[in-house]
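Just below is one structure, and these are the notes that go with it.
Bear in mind that the values in this text are calculations on the coordinates, not laboratory data. Remember, it's a predicted structure, so these values are computed and weren't measured experimentally. Because the Cβ atoms are built from the backbone with ideal geometry, glycine has one as well, and the counts that use them run over all protein chains shown.
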Amino acid sequence: MILSLEELQGVGDKRIKSEKDCNKELRICVGSSCSSLGSSTLEKELAKKVKEKGLDKKCKVKGVGCNGLCSAAIMVSHYDKEEQKETLYGGIESGQSDELVALIEESSALAEKKLDMSAPFFTQQLKIVLENAGVVDPNDIEDYIAHGGYHSLFKVLDEMSPIEVIEEIKISGLKGRGGGGYPTGLKWETVLKVDSDQKYIVCNGDEGDPGAFMDRAVMEADPHKIVEGMAIAGYACGASVGYIYVRAEYPIAVEKLNRAIKQARSNNILGTRIANSSFNFDIEVRLGGGAFVCGEATALVASIEGNRGNPRQKPPHLSDYGLWKQPTVLNNVETFANIAPIIKNGGEWYKNIGTHNSSGTKVFALTGHIKNTGLIEVPMGISLRKLIYEIGGGTTNGKPLKAIQTGGPSGGCIPEHLLDTAIDYDSLKAIGSIMGSGGIIVMDEASNMVEVARFFMDFSKSESCGKCVPCRVGTTELTMLLDKFIAKEATVSDFELLKEMCEVVQNASLCGLGQTAPNPVMSTIKYFEDEYLQGIKND
C-alpha cells in the first residue's frame, strides 16, 4: 500500500535498484498488430531461452505496447541501459527467438532486420501520449512507477487544489482529442461548479472509425496512464467513480485495463483515502457491443446505464445531466493520456507545443496506400505533406497521391494540392474536413472518390441508430444515389438532389453521426466533382 509521494518514489527506486545489474532489455511488442503474428508466443519463448542460458541477470525480456511502425511487425527493441541506446528491429518472425538471444552478446546479430532510427518516421515525432509505448510493461505497475507513473496524481493530492488542477489544464490549451475539440479545462470547470453529491468521470474508448486504432494502442501500451489521468480528473471535478467504455472487439485492451485497475487498487492508488488523503475514486471497465453511434456522448452514457445506445437531444449537457442523471465529464482515451504529462511539466510547457489554437501533439493512425502504416504522434501544426511524404514515407510503390481522408466517416477527403495545410482544428475545418479522433487514410491515383464517399456513407447508414428520420432515411437515400453515380446511371437532377440531401441530413439530424455523415460526400463533390459528372448518363 502506497500512502505518500515519498513511498511512491521509493517503489520506483527499489525497482530501478533491483535491476541495476540487468543492463539490457529486449522489448517485444505484444500489441494487437504484432500479437496477430505471434509476438506473445515469441516473448514467452525468448524469456525461457534467456533464463536457460543464464542471461536473465544481465538482460530482461518484457512485452511492451506498440512501437508505432506496424508495417514492420513484429518489432523488437534492444535497449542498452548503460549507453542509453535503443536499437529497433522489424520484420522479426515468431520463430526467431534464438537469433534474438544472440543480440544480448552480439551487436551484429539480426543486422539485416535493423531499422534506421535516423529516418523521419522516428526523428520527426514528439511523443507525449505515447512516451511509454514500447518502453513500459503494461502489465507491471512498478515498471510504470519507475518511469514516473502516478507521480502527477500524488502531486495534485499533495500540493494542488481542484481549481488549481483545472487552471493548469486550461493554461495548457488541451482540447478533447475525440474529435469535438472542446477545451478540456473548461469542461472540467463546468462540472466542478455543479453542486451534486455524485459525479462521474467517463473515458470513451469506443473507437469505431474505419482505419483508426490510436486509442486501442494507448490502452494496450499504457493503461496506467489512462487510470492516472482519470483519477486526476476525478479529484479536480469532485467525482468519486469512473468508467472506461471499451468496445468488446478490443480484448487485449480490456485485459490490460482490468489488470491496471486491479493493481492500482492493491496499491491504494484507487479506492478510498488515496495516498492517505480524503480523496476516494474507483474505476470500472464497461464493454460496448461495437455500435459506432455509441461514440456519441449521450449514446455512450445510455449504453453504460444498460440501455440501447441512442443519442438524445442536447441541452441538457452531460455536465448537468449525464450518467444516471448526474454531472459527468466525458473525455476520450488520448485526452486522459495527456493529463499526467501536463501536470508533471506544467500547462505552459504544453501550450508552447503546437499552434496558438491547437496546442500539444496529436496521435494519428496512418493506413491505406502508404509505406509506413502505423501509429505516430506529432506536434499540432505539422503539414499534411510532411506527415505523408516524410514521416509516412510516401505512397505504396511510389504511385501519385490522389487524396487523404481525415476524421473517419465524419471527416472529409482532402486533395493532393492541399497537402501543405497545417494539421490543426481550424485549418482542417477550413478545407472541409476535421481532425476527428486521428485516423488518416491515404489514397493513390487508382482510387475512385465516388466509391470512397459511398463506402463511408454506407458505413454511416449501417451504424445509424435509426432514432431520427433525417439520419435513418437520409443516409439510405444518399447511399442509393451514390450507387447510381457508380453505375453511371445518374442524371443531372440526381446530382442536384445529392447536394440538397447532404444539406438536409447535415442540418436536421439529431446527433453528430447524422450531422457529419454527409462530409465525405460534400468534400468529394467539392474537390472531385468531375468524377461525379462522369457518372451522369448521356441521354
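Can you compute the FRET efficiency between S161 and L533 using 1/(1 + (r/R0)^6), with r the Cβ-Cβ distance and R0 = 56 Å? Round to the nearest 0.05.
Numbers: r = 62 Å, r/R0 = 1.10.
Efficiency, rounded to the nearest 0.05: 0.35.
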Considering the dipole of the chain built from charges on the beta carbon (Lys and Arg +1, Asp and Glu -1) around the Cα centre, which of F213, I283, L384 is farthest to its positive end?
I283
So between S36 and K81, what do we pick up on full extension, going 0.36 nm a residue minus the alpha carbon distance?
13.3 nm
Return the lysines within reach of K461: Cα separation strictly under 18 angstrom, same-chain partners fewer than 8 residues apart disregarded; answer none if there are no such residues.
K484, K499
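Dipole of region 296-370, Cα-centred, from +1 at each Lys and Arg C-beta and -1 at each Asp and Glu C-beta, to the nearest 20 debye? All intermediate terms of the calculation are to be shown ahead of the outcome.
Numbers: 7 positive and 5 negative charges, 13 e Å.
Value, rounded to 20: 60 debye.
Using the crude model of +1 on Lys and Arg Cβ and -1 on Asp and Glu Cβ, and no other charge, please compute the dipole size for the chain relative to its Cα centre, in debye to 20. List each step's numbers first, then the result.
Numbers: 58 positive and 72 negative charges, 147 e Å.
Roughly 700 debye, rounded to the nearest 20.
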What are the trypsin sites (Lys or Arg not before Pro) within region 271-352 that DSSP puts in a loop, where the Cβ has at most 14 other Cβ atoms within 10 Å?
R273, R308
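Can you give the charge dipole size of region 449-533 about its Cα centre, rounded to the nearest 20 debye, using +1 on the beta carbon of Lys and Arg and -1 on the beta carbon of Asp and Glu? Walk me through the numbers before you get to the answer.
Working: 8 positive and 13 negative charges, 67 e Å.
With Lys and Arg at +1 and Asp and Glu at -1, about 320 debye.
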Proximal lysines relative to K399, as straight alpha-carbon distance under 22 Å, when same-chain residues fewer than 8 apart are discounted
K371, K386
If a/c stays under 1.5 just call it rounded; otherwise compare a/b with b/c (prolate if a/b is bigger, oblate if not). Do that for the chain, with a ≥ b ≥ c from the square roots of the Cα gyration tensor eigenvalues.
oblate
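Classify region 126-224 from the C-alpha gyration tensor, please: rounded if a/c falls under 1.5, else prolate or oblate depending on whether a/b exceeds b/c. Intermediate values should be presented prior to the final figure.
Details: a/c = 1.90, a/b = 1.24, b/c = 1.54.
Because a/c hits 1.5 or more and a/b fails to exceed b/c, region 126-224 counts as oblate.
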For region 1-86, which GluC sites (Glu not before Pro) are in a loop by DSSP, counting at most 16 other Cβ atoms within 10 Å?
E19, E82, E83
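Kindly work out what percent of the DSSP beta bridges joining two residues of region 20-116 are antiparallel, to the nearest 5. Intermediate values should be presented prior to the final figure.
Numbers: 11 of 17 bridges.
Antiparallel bridges: around 65 percent, rounded to the nearest 5.
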If you take the square roots of the eigenvalues of the alpha-carbon gyration tensor of region 20-116 and sort them as a ≥ b ≥ c, do you get rounded (a/c under 1.5), prolate (a/b over b/c) or oblate?
prolate
Specify which residue in the list Q9, A47, H78 is farthest towards the positive end of the charge dipole of region 1-113, using unit charges on the beta carbon of Lys, Arg (+1) and Asp, Glu (-1), about the Cα centre.
Q9
Listing T421, T361 from the residue with the fewest other Cβ atoms within 10 Å to the one with the most, what is the order?
T421, T361
If the limit is 19 Å between Cα atoms, which of K85/K225; K155/K344; K127/K351 go over it?
K85/K225
What is the order of M160, M214, fewest Cβ neighbours within 10 Å to most?
M160, M214
Simple spin-label estimate for D13 and S94 in nanometres, 7 Å along Cα-Cβ
4.4
In terms of Cα to Cα distance under 27 Å, which lysines are near enough to K325, apart from those fewer than 8 places away along the same chain?
K170, K175, K187, K193, K199, K314, K467
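With a cut-off of 8 Å between alpha carbons and a minimum separation of six or more residues, what is the relative contact order of region 1-150 in percent? Could you put the intermediate results ahead of the total?
Numbers: 225 pairs, mean separation 43.7, N = 150.
Averaging sequence separation for qualifying contacts and normalising by length gives 29 percent for region 1-150.
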Alpha-carbon centroid distance for the pair region 256-308 / region 367-411, whole angstrom
33
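Can you sort V227, V11 from fewest to most other Cβ atoms within 10 Å of each residue's own Cβ? Don't jump to the answer; show the numbers that get you there.
On the way: V227 30, V11 17.
So the residues, fewest neighbours to most, are V11, V227.
Quick one: length gained pulling T491 to A508 fully straight, 0.36 nm per residue minus the C-alpha distance? Don't skip to the end; give the middle numbers.
Values: separation 17, 0.36 × 17 = 6.12 nm, distance 2.54 nm.
That works out to 3.6 nm of additional length.
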